[in-house]
Amino acid sequence: MSDTPSVTVAIPVLNEEAHLRECLDAVAAQTYANVAEILVVDGGSIDRTREIALSFPGVGVVSNPERIQAAGLNLALSRAKGDVFVRVDGHTVIETDYVERCVDALLRTGASYVGGSMVPVGTSGPERGIAVAMTSRLGVGPARFHHAGERGGWADTAYLGAFWTDEARAIGGYDGGKATNEDAEFAYRMGQRRGVWFDPTIRSRYQPRRDLLSLGRQFFRYGQGRAQTVRRHPRSLAPRQLAAPLLVLGLLSPWRRSVGAAYATVVLSRAALELRSDKRAAMTVAMCLPIMHLGWGVGFLSMMITGKRVRPSSELR
């Protein structure tokens, strides 16, 4: 294998007019010399997403009639020219050395799948609060990719991901019927081959949800998606993923008052840490954490009990 394998960058999108230009500017600025193609896979946008994508020289636009992100990634995977497939989301801005570090990590570690941290960056007070909650260990657990500053090493998944194209095709690509959690499910199957490597130098940032209602819907779908993965791959379940469902069950149990009081104390204590630096963010954190935990827990339990598939969302992230 060449020291500079060719790369396909794939970006599944739906109505990303507000963010796609910044995303593509970052992809176009990559230091890696052998990016063979950039594919924007559009799930039927009704804004200027396609127009913006086509305004960038060398960017190909692929139509995704199924609208689901996993199906779009499979379309890109089926026609990818690159030896390495690098996934980027439309809300994500990657660092200029992102592709270079992905390829280096694949060559250096021998892993089947590599990726970096998930770093949300908010601008308004509510967005900053959501970003804090989504990087807090209390909010999203100890998984490495949620926390900047973590050491590199073997993991069960990583944010976005880069991998060898032929190897991804050999395992059948993404589960095209999954509306959420398709990346973790795919990483699990890739990890069964030669492992998943988390590298904190693979850096990017993304725009988190702007309001609490969208956040709740997001985490409900995340919980359903994780449960769907667990039903298919029982060994993929990590103990940390039982915390939110157990909280929901505790709040429905005869001990709900004690559980609720203990939980409220923990949440308020975490939010209080933000008071000194950002009072508006602190207020949002106190609301975000229960929304995230309860949304994820209810989604997980509903899917585990009913086994019904997640309905395709109007959002691709």
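In table form, for the structure just shown:
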read-out	value
Ordering of 202-212, 219-229 by burial proxy (mean other Cβ atoms within 10 Å per residue, highest first)	219-229, 202-212
q = 0.15, 0.17, 0.22 Å⁻¹: log10 I(q)/I(0) that the Debye formula gives for the range 213-306, counting C-alpha atoms only	-0.64, -0.79, -1.08
Distant alpha-carbon pairs in the range 1-54 (separation over 17 angstrom), percent	38 percent
Burial ordering of CYS23, CYS102, fewest other beta-carbon atoms within 10 Å first	CYS23, CYS102
Chain lengthening between ALA170 and SER55 when straightened (0.36 nm per residue, less Cα-Cα)	38.0 nm
Point-charge dipole on Cβ atoms (K/R +1, D/E -1) for the range 7-210, about Cα centre, debye to 20	380 debye
Proxy reagent accessibility, fewest Cβ within 10 Å first, across TYR188, TYR159	TYR188, TYR159
Extension gain (nm, one decimal) between LEU246 and LYS279, 0.36 nm per residue minus Cα-Cα	8.8 nm
LYS81-ALA262 FRET efficiency (beta carbon distance; Förster radius 41 Å; 0.05 resolution)	0.15
Cα centroid of the range 230-291 to Cα centroid of the range 44-67, whole Å	38 Å
Cα point-scatterer Debye curve for the chain, base-10 log of I(q)/I(0) at q = 0.13 Å⁻¹	-0.95
Mean Kyte hydropathy of 0.0 or more with a Cα span along the axis of at least 20 Å, helices from DSSP in the chain	256-272, 279-306
Cut-off 13 Å, label 7 Å out along Cα→Cβ of ARG235, residues of the range 165-193 by amide N	188-193
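All of the numbers you see were taken from the coordinates with simple rules; none came from a lab. Note that this is a predicted model, so its numbers are computed, not measured. We place every Cβ from the backbone using ideal geometry, glycine too, and count neighbours over all the protein chains shown.
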